[in-house]
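One structure below.
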Amino acid sequence: MIFGWLWCLQAVAEPLHIEVQGLQKEPEAILHVRGESISVPLQSASAQIWTADTDVPWQRFLHLHLRNPVSKETLYRGILERKPGETSIYLGIDNSGEIINEFSSAGTQHRIKKNERNWLLARVAWFALVLAMAAWFFRGSSPVLQRKRESHLLSWWSTPLFFLLMSLGWNGTALFRPGVPGLHFDTLGTYWFMSRAQEWSWFVDPLTAWPEGANYGQLDSFVLYGLVHMLGWLSAEYLFKGILLVAPIVSAWAASRFAEELGAKRPWSWIAGIAYGFNGLAAATVLEGHVYHLLQPWLPLCAMWWWKTLCHGTKKDAVLAAIFWGLCLLTSAYIGLSASLVIFAFWIGHKGWKQPQSFWGLGVILGIFLLYFSLYRSSPGMSDGRDFNSMMVGALNLGNFFGHRPMIDHSLHSQALGVLAIPLFLAVHAFDILPRRSGRRVLWGTAFLSLSFAFGSFVTLDSLQPIFPLPLFFLGDVPLLGSIGFPIRLAWP
């Protein structure tokens, strides 16, 4: 179905506007579309601004080549990603005066940066307003000295029903439009995986790299591999959309359940589910095409059972926490590392070395990790690691902390945290109303540890110019840690 839809779109020519600014002389533009090279004449619109309007068959990625018409020197060559309904492409000289980049809108790079700075300042102002309102609301609050046994205001089934409505509203029309939702190229890779995994011989695809076949033993998600086999009667498109609908529900439900374990009552526990299952990082994973990252109820369930273990729990609690840690790892190595941060922070914060039952969980975790690592080592193509510059591109920074800006999409990635203001400041003011023994300091320590890894090797303003190093800078030689390409995904806890 999706391929028929894409074929129909490609068969229809659509208008395309190209604008290049910052060049003194007219460049020669060549579009490589569906195996053909199309020369597009550019005309002067104003000083150092060249534009062209043409009709080309629609396709997701356009190969554009700009060159000097006399010397044939290449000025720009790149793959431009068109969003649905997008009819304009903007390029221009960056601040160095030498390199042509794609811009999110018309105008110079200085003007675009100014607009995005204003957007960022507006977000900061919103956060400051919420902080002030929260401070006013909680003024004079005193810590709860003794927690009474209070019943929930709503029945248990109200939680999945609420998050079902949330998921429908959050996804909107993406569930009903033809084709798979997503913005970047990994969307098609995930769709291909869902279409092909059932035909593999264990982890070997005989039709890739024929006749030898391709070994995919280093899968990002073994959980998705299992789902493809369990739900093989669904088409790849419906499986993709099914995960998009159901995964936020079960993940938010699990986070809400953890909040209830810590003492929150329904419906207030739903705030934890909203902040976990429907945040900006979740939206970014959908845009990136890694929809299976939404399916992670295992992380809050791992945290819940590990918390129980360290608060005078049993060996059974420890083993359950380890099993859910393993499911995190099998969902994605990023989720597994996030769960490891939770395990470590809780164990240190609760002085786990004084809780003998915790060593049962740590032993099971070690066994699962050794099996996982041995599978990785036995498969070809293990990453040799990434340098600090490439890691910074996929890391959290002070510019994308507050949300998703237009220019983010034009680097072929949508990396933004988009932390939610109201849950954040409710958590901040929890210090005013919760007793010290509630474990709030352990939770905050876990959050800060998670953020320190999400920033990658350095704290940066906008993926450039490192300000100061972070723990990941010194741990880059540890096996698997050096292969982290998108540390921002470690912000889930």
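Annotations
- Phi to ³J(HN,Hα) by Karplus 6.51 cos²θ - 1.76 cosθ + 1.60 over the range 44-61, Hz, x for Gly, Pro: 6, 9, 6, 4, 6, 10, 10, 10, 8, 10, 8, 10, 9, x, 5, 8, 4, 10
- Nonlocal amide H pairs with ILE38, under 5 Å, H built at 1.01 Å: LEU31, HIS32, VAL33
- For VAL291, net neighbour charge (Lys/Arg +1, Asp/Glu -1) across residues whose Cβ lies under 14 Å away: -2
- Backbone HN-Hα couplings from phi across the range 193-198 [Karplus 6.51/-1.76/1.60, Hz, Gly and Pro as x]: 4, 5, 7, 9, 4, 5
- Highest mean packing first, where packing is the average number of other Cβ atoms within 10 Å per residue, the peptides 244-253, 28-37 line up as 244-253, 28-37.
- Student exercise, the range 208-280 dipole from Lys, Arg, Asp, Glu Cβ charges, in Debye to nearest 20: 380
- Across every pair of non-identical alpha carbons in the range 251-354, the mean reciprocal distance, once inverted, gives a Kirkwood radius of 14.0 Å.
- Packing-based ranking of 302-311, 361-370 yields 302-311, 361-370, ordered from highest to lowest mean Cβ neighbour count within 10 Å.
- Restricting the calculation to Cα atoms, the range 193-325 yields a radius of gyration followed by a Dmax of 17.9, 59 Å.
- Listed values for the range 158-174 are Karplus-derived 3J(HN,Hα) couplings in whole Hz (6.51 cos²θ - 1.76 cosθ + 1.60, θ = phi - 60°), namely 5, 5, x, 5, 4, 6, 5, 5, 4, 5, 4, x, 5, 7, x, 7, 4, and x replaces Gly and Pro.
- Amide H contacts under 5 Å for PHE455: LEU396, restricted to partners 5 or more places along the chain or on a different chain, H placed in the peptide plane at 1.01 Å from N.
- Options GLY92, SER46, SER104, ranked by Cα towards positive dipole end of the range 41-132, top entry (Cβ charges): SER104
- For ARG77, nonlocal amide neighbours, meaning residues 5 or more places apart or on other chains whose placed amide H falls under 5 Å from its own, are LEU66.
Coordinate-derived values only; no laboratory data. Predicted model only: the values in this text are computed from it and were never measured. In this analysis, Cβ positions are derived from the backbone assuming ideal geometry, glycine residues included, and neighbour counts consider all displayed protein chains.
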